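Please treat every number below as a calculation from the coordinates, not as lab data. All values derive from a computational prediction rather than experimental measurement. Cβ placement follows ideal geometry from the backbone for every residue including glycine, while neighbour counts extend to all protein chains displayed.
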Amino acid sequence: MLVQDAQEPQGVDEWVACLTYKSTATATPRARDIDALAGRARARNRSLDVTGMLLFEDGCFLQTLEGPPQAVAQLWSSIQRDERHDHIEVLSEHMAASRLFSDWDLLLEGRFGDLPDQRARAANTPPAVAEHVARLVELALNADDLALGTVMADLAEQGWTSDAILSLLIEPAARALGDAWLDDQCSELDLTIGLSMLQLAGHAVRYIPSAQSIRNSRYRVLLATAPGEKHMLGTTLLADQFLAGGWQVDMAFPESEEALTNQMNAQHPDAVDIGLSDAMPRQHALEQLRSTIEHSRLILAEHPTVVSVGGRLFAEAAATALSVGADHARKGLAGTSVRLAELVRQNRKG
Ligand SMILES: Cc1cc2nc3c(=O)[nH]c(=O)nc-3n(C[C@H](O)[C@H](O)[C@H](O)COP(=O)(O)O)c2cc1C
């Protein structure tokens, strides 16, 4: 997230509670009813330091609330009692190191009488978000970098944080490109160009570095693709985030395990992140990754290093960090620098 990543890494006590639910409207609200609801909710949420989004479409609400646990609990108890909706179903409830939405509270409001393309709908993805993802995929496949840049600028203007753009749009778009290739809907060249386009788009959403975060520079991270991995989207986008967080960043795109472990040996980073493709599942790469991590640990035995892994495989929770011997598997790019800073701190204490 823009502001938090640019400051000191957060402590666990500053984590936010994050709740997403869907529900059914008991009566069809008119656009002005929704506007009134959103207006009142906006004021109350702002006073409670709660951010998030509310969507209404097709008779259903979908809402994410994030903020101090007590504030979210207080709102949640009001919302659950509200007779304007029923069939309330919690989709996810967790603590997070950073917010997905900026201090614009009810960011996305549903559209009325104008349903978006059904094809763009994925399970539990708000339609407005799925629409953005479909648009990014289309522009990436057409290598339309100018239009992509404009979309990014518009989203930033609407209040989307860089973390929200990464986790809700760019990472799902990369996976959609991978699926298009697996389904023979595009060539490998299209996939490669599409991923480079997403990379450009991701860089356009700059994390804002602050003078303070540069002064606080303490930790060193090596951001590497897994040996032989051609897709470098996640690894390059992480560099922006770590630099903004005040880290010293080294990058590696090694062809072999030896090249990677040599670089680790020369640099002794506090943390290393090894990324598999964000587009393709790469199940077959797990065994190799496990061996790479085992060898890295031997080489870095004198200098305890936090090892993080990422990529589509881990985002979809098909594999855990433990299965490859890593300390951390990132579900996505957002918040990685904050999480690794915490792990490095624990590592140094322990
Ligand atoms: C789908 C839905 C979402 C709502 N979201 C919020 C919200 O984010 N913030 C808020 O203050 N009220 C929200 N409300 C309104 C609350 O349910 C409630 O009416 C309002 O907070 C007043 O609460 P009180 O009756 O406990 O004082 C929402 C209502 C509905 C039906």
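Neighbour counting of Cβ atoms within 10 Å sorts the residues 336, 192, 20, 235, fewest neighbours leading, into 192, 20, 235, 336. Once backbone amide H atoms are built at 1.01 Å from N, residue 311 has 276 as its partners under 5 Å, excluding neighbours fewer than 5 places away on the same chain. With the simple model of a label 7 Å out from the Cα in the direction of the Cβ, residue 323 to residue 153 spans 4.3 nm.
Here the calculated FRET efficiency for residue 290 and residue 36, from their Cβ-Cβ distance with R0 = 56 Å, stands at 0.50, rounded to the nearest 0.05.
Extension gain for residue 138 to residue 93 (0.36 nm times residue separation, less C-alpha to C-alpha distance): 13.0 nm.
Each of 184, 250, 327 has some number of other Cβ atoms within 10 Å of its Cβ, and from fewest to most they run 184, 250, 327. Residue separation of residue 301 and residue 266 scaled by 0.36 nm, minus their Cα-Cα distance, works out to 11.3 nm of gained length.
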